[in-house]
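**Q** I'd like to ask some things about the structure below.
All of the numbers you see were taken from the coordinates with simple rules; none came from a lab. From a predicted model like this one, the values you see are computed outputs, not experimental measurements. Counting neighbours? That spans all protein chains shown, and the Cβs are built from the backbone with ideal geometry, glycine included.
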Amino acid sequence: MGKNISKVNTTFQFCDGGSCQKAKGEIAIREARAYLRNKKFWDTTHTIKTRCNGRCEDAPTWIVQPGNFWYKNLTPDKAVSILKSHLEKDLPVEEYLLYKEGWSMLTSNNEKTVAPVVFNSKIDPELGEVLIARSFASDQHLYPLFKYLFQEPRPIAIQQYDHKIIEITSPHQVDYTDLYEVVITGKEVDLQLAIAGIPKDISEEIADRKVSIAEVIWLKKTTIFTKAIRLKNKKGKHLVTLWIKEKDTSTWEHILTVYLAMSPNNIRINNEV
């Protein structure tokens, strides 16, 4: 029988992503769950192991609800004191907090500065003089992008491997129910790419079509297709290029704002070759 969540008034979300596992977050989780059972809080609380919550530099991390309290650098001792404070006093432990509602800043000692995506001038062996931005190759970025480009569809064209360019004129199904691979099927295209993280012992066939490099390309010459997203595997093998028409400003603006987090009115360009 499942837990009666109608009795739950406090939820603890324990990050169980890779960095939190490496930081021995599981030990703090065990102590927390033991405390909740022994102190008879089990029925009125709920504990959930989550995937990565995006704060790897502060691992191990927890989130306590209600209140949206984020905790950092958890240890078994900190874990128990946090539980006691929330459940017995209804108060957070301020000194262990990473963030709480109302704060304008995080209290991280390990904050990482992520460099913004920039277009760089390059002489590409295939395309000549171009601007290239190294972009994001994770499934969190590629799957939404594929849905946006293929399901409506957008007026794009696709070039698989070294094959000819095919224009997309009809909606395509974008299926990401497989553990690793997304499958795009329709009238014009059948495309299968691995976009999730893959284990080292995966088959060579899947590893060969694993997207590891994503580039947004802006041709300096005038032609029908002047922008593109080029995807390659770890060895640099070309998997697919998605071409965008010069006149299709809507798709280009979406890629800039959503995919690259860049304003169309303030495109970051480094002109040094």
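**Q** Just to confirm a number: summing +1 for Lys and Arg and -1 for Asp and Glu over residues other than Ser212 whose beta-carbon lies under 15 angstrom from that of Ser212, what do you get?
**A** +4
**Q** To the nearest 10 degrees, how steep is helix 25-38 against the longest Cα principal axis of the chain, on a 0 to 90 scale?
**A** Orientation of helix 25-38: about 40 degrees from the principal axis.
**Q** Okay, next question. Quick check: from the Cα gyration tensor, does the range 119-270 come out rounded (a/c under 1.5), prolate or oblate?
**A** Here the range 119-270 falls in the prolate category.
**Q** Same structure again: First select every other residue whose beta carbon is under 12 angstrom from the beta carbon of Lys49; then total the charges, Lys and Arg +1, Asp and Glu -1.
**A** My count for the surroundings of Lys49 gives +1.
**Q** Related question: Kindly provide the helix-only [θ] at 222 nm of the chain, computed as the sum of -39,500 (n - 2.57) over DSSP H runs of four or more divided by all residues, to the nearest 500 deg cm²/dmol?
**A** Theoretical 222 nm ellipticity from helices: -5000 deg cm²/dmol.
**Q** Which order do the peptides 8-20, 105-117 come out in when sorted by mean C-beta neighbours inside 10 angstrom, highest first?
**A** 8-20, 105-117
**Q** For Met262, list long-range residues whose amide hydrogen, built 1.01 Å from N in the peptide plane, is under 5 Å from its own amide hydrogen.
**A** The list, which skips near neighbours in sequence, is Thr257.
**Q** Where in the range 194-215 does the label zone of Arg268 land, with the point 7 angstrom along Cα→C-beta and an amide N cut-off under 16 Å?
**A** Hits in the range 194-215 for Arg268 at 16 Å: 215.
**Q** List the residues whose amide H sits under 5 Å from the amide H of Phe119, counting only those 5 or more places along or on another chain, with H placed 1.01 Å from N in the peptide plane.
**A** Arg268, Ile269, Asn270
**Q** What ³J(HN,Hα) values, in whole Hz, does the Karplus curve 6.51 cos²θ - 1.76 cosθ + 1.60 give for the range 256-264 when θ = phi - 60°, with x put for Gly and Pro?
**A** 5, 7, 8, 7, 10, 6, 10, 6, x
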